[in-house]
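In what follows, a single structure is set out as structure tokens and then discussed.
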Amino acid sequence: MTATPGIRIHLGDKRTRKQSSVHEQLHGLSDTFELLTAFDEVLLKPGSTISYTLKEEGLFFLLPVVGKSEVIYENKCIIDVGNLYFTNTKAGTQIQITNPYQTEWTNFMWWELTGSRGEGMVLEEFDLKASTNNLVRVFKGSVGESRVAIRLGMFDGRSTGELSLPNASHFIFVLEGAFEVQNRLLQMRDGLSLPACLHLEFEALSNNAILLIVSQF
């Protein structure tokens, strides 16, 4: 297969790692991609808190994978699996995240989109199992002059899907299972940067496979 300029696979087992006594952080994005400046997976020890310094003005997102997270930035809220948290941010400020459990580790994804005048609407609660074999749009909004949409979907093995957006760039991440996306094999925790894509096609290669798509257009 001939490589297409600008397309890049970010292998899950090649992610750089940052560790402390209370957390492990894996960087899923090798380089800045369009407005996406960070895309990390975090595991947090029971009862522990970490602080994250926001790189630039824009939008910050947090998606729980296992367990609840307490998030403090201007106000405090509890985010659970089936919720997506987002907030407008200022460069150099800190967001604080706490694991509220006393015996269980939590696991979540966070990412940043850089740009001024960020705004949007989030789906307050979603159930991927109830919408199996469909992409669910969990966020729509804008950052600067660009529109942004975030979609999640759980798929049975050999199920297919597609997404058409005008002149869109997508960052695609496999949360569970395996997919073939634009004829490229992606395993669990692999990512794919896909610029200037008019029509996106994918196929799940395992049952209960979960795909996350961050689209800018």
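FYI, it's all coordinate maths here, none of it is from the lab. Since we're looking at a predicted model, the values are computed, not measured. Note that we place each Cβ from the backbone using ideal geometry, even for glycine, and neighbour counts take in every protein chain shown.
Under a point spin-label approximation (7 Å from Cα along Cα-to-Cβ), what is the LYS76-ALA196 distance to one decimal in nm? Calculated label separation equals 4.9 nm. Sequence-distant contacts, meaning Cα pairs under 8 Å at least 6 residues apart, place the relative contact order of the chain at 20 percent. Across region 135-202, the relative contact order, built from alpha-carbon pairs under 8 Å that are at least six residues apart, equals 30 percent. Once both labels are positioned 7 Å from their Cα atoms along Cα-to-Cβ, the gap between SER30 and SER131 label points is 3.1 nm. Ordering HIS199, HIS170 by the number of other Cβ atoms within 10 Å of each residue's own Cβ, fewest first, gives HIS199, HIS170. Directionally averaged projected area (region 12-119, Cα convex hull): 6.8 nm².
The modelled label-to-label distance between ALA91 and GLN187, using points 7 Å beyond Cα along the C-beta direction, is 3.9 nm. Once you reduce region 11-43 and region 150-217 to the center of their Cα atoms, the two points are 19 Å from each other. Ordered by the count of other Cβ atoms within 10 Å of each Cβ, fewest first, ILE210, ILE7, ILE97 give ILE7, ILE210, ILE97.
When its C-alpha radius of gyration is set against 2.2 N^0.38 Å (N residues), region 121-216 gives a value of 1.02.
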